[in-house]
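Peer 1: Below you'll find the structure I mean.
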Amino acid sequence: MGAVVIGKTKTTQFALGERPTADYVDQLAPFNPRGDGYQHPQGSSAGSGAGLASYDWMDIATASDTGGSLATFLDANLTTFNANASFNAYANISEGIASYLGSTYSNITNVDQYRNLGLPFREQYIAKFGKAPYWNPQTRARWNRAATLPTSSYTTAMERTHTFQTWFRDTLTPSCESTLVLYPMGAGTEDYRDIYTAAPGGIFAAGLPGNQMSVLAALPDYTVPIGERAFLSRVTERNETLPVTIGMVAAAGCDHMLMNLVAELADVGIIAESVKTGSEIY
């Protein structure tokens, strides 16, 4: 249809969200052009994000996802809502959402990735090369955990995910027209790429980070920049800025509505219609 493919980017190893200094081994982590240029590029598809933020002649990149005036524009009602109380009543528990979910996300993803990808890949690799493949530290930690995780932990995780999904859909996002769930995605805080960390763990953040709501509820989620935060960089020794973003979760099947909403928000100036490449977004 006239598109010109200019290159390929890659995810972290098996899209497992590695840290630049701690986990990248076979490949160099892409450099994040924002701020002082030495911030963690984040996420599984760091290559796609870094590419779009670096080159103003690049129109689109594909990636994988394996968190006041908006209400005025929508003529919406802002409602104070106690999610923990609602979920406790729905699930007949008293511990709250984060404690209930715990390591649910990791219990599912660790096992599924190891069982459906890691083991078959390892067997095929050994059959062809006569030796096992190299796993980066993050991959190795999560798949070692999966190999010893009791079946009951996986079964319970699936059950709890289903409970959370039905509650979220029925209570918070019953339809495209009724509700949007907004949450802080990126606070524009420093996260230097050259910091060594302790040995990697086998789980993603436990509980319910904002960006896992749509994953566990299987709903569309769109992240938009709403501003910048200034910080004094220890690299450049001057003030730099990093993007501040929010995520918007909509009901099932409302992907197109959410994209149209973002476009309309840009048309009326509530969010920026476009952002720059390089160190600053505006």
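Peer 1: Roughly speaking, to the nearest percent, how much of the chain's 1.4 Å accessible area is carbon and sulfur?
Peer 2: Taking all protein chains in place, the chain shows 53 percent carbon and sulfur surface.
Peer 1: Here's a follow-up. How large is the accessible surface of TRP135 in square angstrom, using a 1.4 angstrom probe and rounding to the nearest 10?
Peer 2: 40
Peer 1: Which of rounded, prolate or oblate describes the chain when judged by the alpha-carbon gyration tensor and an a/c cut-off of 1.5?
Peer 2: The shape class here is oblate.
Peer 1: Can I ask one more? Apply the a/c threshold of 1.5 to the C-alpha gyration tensor of the range 95-154 and tell me whether it is rounded, prolate or oblate.
Peer 2: prolate
Peer 1: In sequence order, what are the phi-derived ³J(HN,Hα) couplings for the range 165-171 according to the Karplus relation 6.51 cos²θ - 1.76 cosθ + 1.60 with θ = phi - 60°, rounded to whole Hz, with x for glycine and proline?
Peer 2: Using θ = phi - 60°, the values come out as 4, 5, 5, 4, 5, 6, 8 Hz.
Peer 1: From the Cα gyration tensor of the range 40-199, with a ≥ b ≥ c the square roots of its eigenvalues, which class applies: rounded if a/c is under 1.5, or else prolate if a/b is larger than b/c, or else oblate? Working shown, then result.
Peer 2: Numbers: a/c = 2.26, a/b = 1.30, b/c = 1.73.
Judged from the Cα gyration tensor, the range 40-199 comes out oblate (a/c at least 1.5, b/c at or above a/b).
Peer 1: Here is a follow-up. Rounded to the nearest 10 Å², what accessible area does SER178 show when all protein chains are kept and the probe is 1.4 Å?
Peer 2: 60
Peer 1: Using only DSSP helix segments of four residues or longer, with each worth -39500 (n - 2.57), what per-residue ellipticity at 222 nm results for the chain after dividing by its residue count and rounding to 500? Write down the numbers at each step before the final one.
Peer 2: Working: 11 runs with 101 residues, N = 282.
Estimated from H runs of four or more residues: -10000 deg cm²/dmol.
Peer 1: How big is the accessible area of LYS128 in square angstrom, nearest 10, if you roll a 1.4 angstrom probe over the protein chains?
Peer 2: Here the residue's solvent-accessible area equals roughly 150 Å².
Peer 1: Taking only the alpha-carbon positions of the range 158-282 and ignoring solvent, what does the Debye formula give for the base-10 log of I(q)/I(0) at q = 0.10, 0.20, 0.22 Å⁻¹?
Peer 2: Listed by q, the Debye log ratios stand at -0.44, -1.15, -1.24.
Peer 1: Please list, in chain and number order, the residues 5+ apart from ILE226 or on another chain whose amide H is under 5 Å from its amide H, with Hs placed from the backbone.
Peer 2: VAL244, THR245, ILE246
Peer 1: Cross-link candidates for LYS131: which lysines have Cα within less than 25 Å, leaving aside residues fewer than 8 places away along the same chain?
Peer 2: Within reach: LYS10.
Peer 1: With every protein chain kept in place and ligands, DNA and RNA left out, what is the accessible area per residue of the chain? Probe 1.4 Å, answer in Å². Display every interim value, and only then the final one.
Peer 2: Numbers: 15940 Å² over 282 residues.
That works out to 57 Å² for each residue.
The values are calculated or read from the model by the stated rules, or taken from the named source; none is laboratory data. Every value quoted in this text rests on a predicted model; they were computed, and no experiment measured them. Quick note on the areas: whole protein, heavy atoms, side chains included, nothing else; ligands and nucleic acids left out. Shrake-Rupley method; radii C 1.70, N 1.55, O 1.52, S 1.80 Å.
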